[in-house]
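Values in this text are rule-based calculations from the coordinates and carry no lab data. Small disclaimer: the values here were computed from a predicted structure and weren't measured. Cβ sites come from the backbone with ideal geometry, for glycine too, and all protein chains shown count toward neighbours.
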Ligand SMILES: Cc1cc2nc3c(=O)[nH]c(=O)nc-3n(C[C@H](O)[C@H](O)[C@H](O)COP(=O)(O)OP(=O)(O)OC[C@H]3O[C@@H](n4cnc5c(N)ncnc54)[C@H](O)[C@@H]3O)c2cc1C
């Protein structure tokens, strides 16, 4: 065992942030341990539509839930590159686990980017790191669908005390989370788009289940509907308005993390198709089966998918502290189109992999089954519907300049 591995072992075994020594070089081993847990329960999680408890326990043991928290607050200070790599790796093992991790990290990113300077949010960052808290997201409300920039429920103020009652149509792993990051109208007089973001923790709120989660795919996200009732302090509201947080962090980080998780699912399907084609070719004395063309199509689509994600990642990372650049029409249009394009490409990749495998891919049993991956990836175009995104950015896209050069 080398020095790094030894320090990683020690760090993993520790339970408190005081004793924990951040060690970024250990990320690959730590995510490998979590993906191994995810792979081992992926089929059961899907079949029973149950929360991937073993995976999230492993993420806690390996301190990945707080990995993005800056070292000053007890985390490892993982970058957007680190986080999206982890989403991709998890996506290859278990789609639901990857999406849970992606959503959690998006909420943590809001804390990291917009919580510094607020005593409550700084304390919460420390808690996420030391207690390895799992944070859920509540944006969808009532009949609003994916219209995140409009809230119905308002924060009620009574001095420094506040309360909120929200018809939360979907909260993934709401029942299992230790806290929720949610949007709401600023107060009873505010318009629907005058929103704030709140970070609330178990003990501050109750959840009464209103809708079950019996779905085609992403079954382990346990995205049931709840009536959310919260009472707490006005300090739990992020100091900045949600409009800024949405543009600078919530949308870019969500789209990058989700796309990486979907790319992981697509990669898993390509790996299965490759194994199938290799086996078929071996069985035919080296002659390629007819499905080989679909395998190559799947590979090409996966390459495109990874390329658009990494291009957007580079762009975001280069400007993540530059408010003006993040607010620009070019960036906003690009990061929204990423979600649309990545989700469409992910679905197409898995479909091509399925066609490469033929009946072996269509079967629900056997080593080459693509069924679960296809059902899971089909959630991607509807998770904030692509039609809605395209309609919303139609005008800004028109204003965005067409690049004059290849690398502009
Ligand atoms: C796996 C998964 C996990 C999720 N987890 C969470 C979570 O943790 N928290 C949370 O808050 N939400 C979550 N959601 C919900 C998600 O964020 C969206 O709110 C939801 O997918 C939108 O649902 P919808 O299709 O009913 O709504 P809508 O967006 O209203 O779409 C309904 C229909 O209307 C069409 N449509 C809507 N607007 C337009 C438009 N402008 N132009 C043309 N057509 C349009 C769409 O094409 C679609 O056919 C999750 C969703 C999924 C799939």
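Numerical summary
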{"item": "Scope region 171-225; condition more than 15 Å from the ligand (Cβ to nearest atom) and either touching a residue at least 60 places away in the same chain (Cβ under 8 Å) or farther than 22 Å from residue 154 by Cα (or both); matching residues", "result": "201"}
{"item": "Criterion violated by residue 125 - all others in (1) part of a strand (DSSP E or B); (2) within 21 Å of residue 176 (Cβ to Cβ); (3) away from the ligand (no atom under 16 Å from the Cβ) satisfied", "result": "(1)"}
{"item": "Scan of region 100-123 for residues that are more than 20 Å from the chain's Cα centre (by Cα) and either touching a residue at least 24 places away in the same chain (Cβ under 8 Å) or under 22 Å from residue 316 (Cβ atoms) (or both), ordered by number", "result": "116, 117, 118, 119, 120, 121, 122"}
{"item": "Residue in region 332-345 that is on the phi > 0 side of the Ramachandran plot and within 16 Å of the ligand (Cβ to nearest atom) present", "result": "no"}
{"item": "Meets criteria (surrounded by fewer than 16 Cβ atoms within 10 Å (Cβ to Cβ) and more than 14 Å from the ligand (Cβ to nearest atom)) for residue 358", "result": "no"}
{"item": "Total residues in region 136-152, condition more than 7 Å from the ligand (Cβ to nearest atom) and either touching a residue at least 60 places away in the same chain (Cβ under 8 Å) or not in a loop (DSSP other than H, G, I, E, B) (or both)", "result": "2"}
{"item": "Residue count for region 226-248, restricted to those that are within 22 Å of the chain's Cα centre (by Cα) and within 16 Å of the ligand (Cβ to nearest atom)", "result": "5"}
